[in-house]
Amino acid sequence: MRGRWAAARLLVGVGLLAAGSGTAVLAADRPGAVTVLGAERPVAAGARDPGDTRANNSPTLTRSPTDPGRLVVVNRVDLPAYSCALHESGDGGRTWRELPIPFPAGEELPERCFAPDAAFGADGGLHVVFATLKGLGNSPNAIWATSMAPGEAALSTPVKVLGRLSFQVRLAADPQVAGRLYLTWLRAEGVGLALFPETGNPIMMIRSEDGGRTWGEPSRVSPPSRARVVAPSPGVSDAGRLWVLYVDLGEDKLDYHGAHEWRAGAPYAGTWSLVLARSADGGRTWEETVVDDAVVPTQRFLVFLPQSPSLAVDRAGRHVYVGFSDGKLGDADVWVRSSDDGGVRFGPRRRVNDTVRRDGTWQYLPKLAVAPGGRLDVVYYDRRADRDNVMNGVSYQASFDRGRSFTPAQPLSGRTFDSRIGFGSRRGLPDLGSRLGLLAGGDRVLAVWTDTRAGTQANSKQDLALATVSVDEPVRRGGVRTLGWTAAAAGLVLAASSRRGRRRPGPGPEPPAGPAAADDDGPHPAP
């Protein structure tokens, strides 16, 4: 399997050489080209320092809409003490500097910032939310918001948004209205040791119109009939429509109520549901769609820190995608469901990873993003190179037909790394975090993940790695296209007329509607 990954890189390199020559070729059907641009890079300076044993995970990667070269990564730090990290780049991710997140006065010491999230507003202002912790059990004491206006060099004094026992907080910014922010979270009534003792803890949303200085009244997203819900993820369209994706654990008392006592073992034997809540009135009222009601768990988890399914929405709000991992084929695979009516109805499952079905290796924790032209990007952890299903890689795939088929997997990580390293490893439940980071540009994709290559099971060191992918859209039927940037830079008339004449791939036939549509196990190579 390692040889197959190496061969994939070699083929990409050959394609780059051909492209650089500027050779004009007759284009019948040419698939989209995916190229990893160089080796992955660490985000934090401590990634290369053996004395820095912080466990960095759960990255959020966000880009300024007014300065595309400005990137920010925030992440939680589990060890040696709970904290937050924020890194900023002004050159598109080539170099990074760490910025402090101000700690609010009056909170319990030592300082414990935890589980941050971040988003750029429509005006290019940066917004960050985080939790402070209290007591020996490290329970969330409050949720705070801080901002950095365009041109400023430091984050503002934090403003308190929510009180105690607010879990799994996520932030989204309106892409059109400066200062409009949305925050989702799980509101708990009580906690035990690695468990929620009672059911009925709802998913909530709250909104700010002034960049996080003040906040309105919260609304309940999940209905009372859904008693065990976790892992909310918000999305916003240009028109201000809202979506919140979350997991309904059903009767999973093993994880929700901590019956596993936070120890490794067989996963919950039942199924979960993926639920998408939708609001057209700014979050005051909600409707829901069951995206998938037969998700098969593959592992136990700590209910305070669940792995999140991924929600991606195009700017117009018409095309909605949900990505998740599932064990219906006997091992973890990555799946996508797509909607072309704003999330009211979804088509069948599409299997993303192009591994042999039931090969015994895991592909999991996908992150989705939609590029400006409609391309769907997917990145996920991938163990196909290790028949023992221990060593992780990271893979990228793209869909040019709105989630119906995908390009072959492209490895992003230059080497595999141990999935057993991280917080919880002593109990057999190592935590690589709740999510990956992904940004989809027109012809560039940036991905960030938790990487353990510099750590050991003794020190649990985790770092964040970033890779850049170049994506060239597919060419359809006829015309002449000039390959390569050399010919394009020369301004050949032949290349220009080819671009005008070629047809983009059409959407194809629509899939059956509704969550009960027949599954499609794939894989489906992209055209």
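Between Y396 and Q410, L412, the built amide H atoms are under 5 Å apart, and every one of these is 5 or more places off in sequence or on another chain.
Remark: region 306-317, residue by residue, has Karplus-estimated 3J(HN,Hα) of x, 6, 9, x, 10, 10, 9, 10, 6, 4, 6, x Hz, where x stands for each Gly or Pro and the curve is 6.51 cos²θ - 1.76 cosθ + 1.60 at θ = phi - 60°.
Taking 0.36 nm per intervening residue step and subtracting the Cα-Cα distance, what contour gain separates R263 from K134 on full extension?
44.0 nm
Under the criterion of Cα pairs below 8 Å and six or more residues apart, the relative contact order for region 303-384 equals 28 percent. If you plug the beta carbon distance of Q176 and N459 into 1/(1 + (r/R0)^6) with R0 = 56 Å, you get a FRET efficiency near 0.80. With R₀ set to 35 Å, the beta-carbon distance separating S225 from D49 gives a calculated FRET efficiency near 0.10. Evaluating 6.51 cos²θ - 1.76 cosθ + 1.60 at θ = phi - 60° for every residue in region 158-175, the Karplus couplings come out as x, 10, 6, 10, 9, x, 5, 6, 9, 10, 6, 6, 10, 10, 9, 10, 5, x Hz, glycine and proline recorded as x. The slack in the chain from A149 to R358, taken as 0.36 nm per residue of separation less the alpha-carbon distance, amounts to 70.2 nm.
Between E98 and E198, residue separation times 0.36 nm minus the direct Cα-Cα distance comes to 32.1 nm. Residue by residue, region 95-108 carries 3J(HN,Hα) couplings of 10, 9, 9, 8, 10, x, 9, x, 9, x, 5, x, 7, 4 Hz when phi is fed to the Karplus relation 6.51 cos²θ - 1.76 cosθ + 1.60 (θ = phi - 60°); x denotes Gly or Pro.
Based on C-alpha pairs under 8 angstrom that are at least 6 apart in sequence, region 155-232 has a relative contact order of 28 percent. Hey, for a label at T66 modelled as a point 7 Å past Cα toward Cβ, could you say which residues of region 166-199 have their backbone N under 15 Å away? Within reach of a label on T66, which here means backbone N under 15 Å from a point 7 Å along Cα→Cβ, region 166-199 contributes 174-180. Among all the lysines, which ones have a C-alpha under 27 Å from K134's C-alpha, if same-chain residues fewer than 8 places away are not counted? Cα-Cα hits under 27 Å: K160, K253, K461. When every Cα-Cα distance of region 374-448 is counted in 5 angstrom steps from zero, the calculated P(r) takes the values 3, 15, 20, 23, 16, 12, 7, 3, 1 percent. Backbone amide hydrogens, once placed in the peptide plane, bring C113 within less than 5 Å of C84, excluding anything fewer than 5 places away on its chain.
Values quoted throughout were computed directly from the atomic coordinates according to the rules given, and no laboratory measurement underlies them. These numbers come from a predicted model, not from an experiment. As a convention, Cβ positions derive from the backbone with ideal geometry for all residues, glycine included, and neighbour counts pool all protein chains shown.
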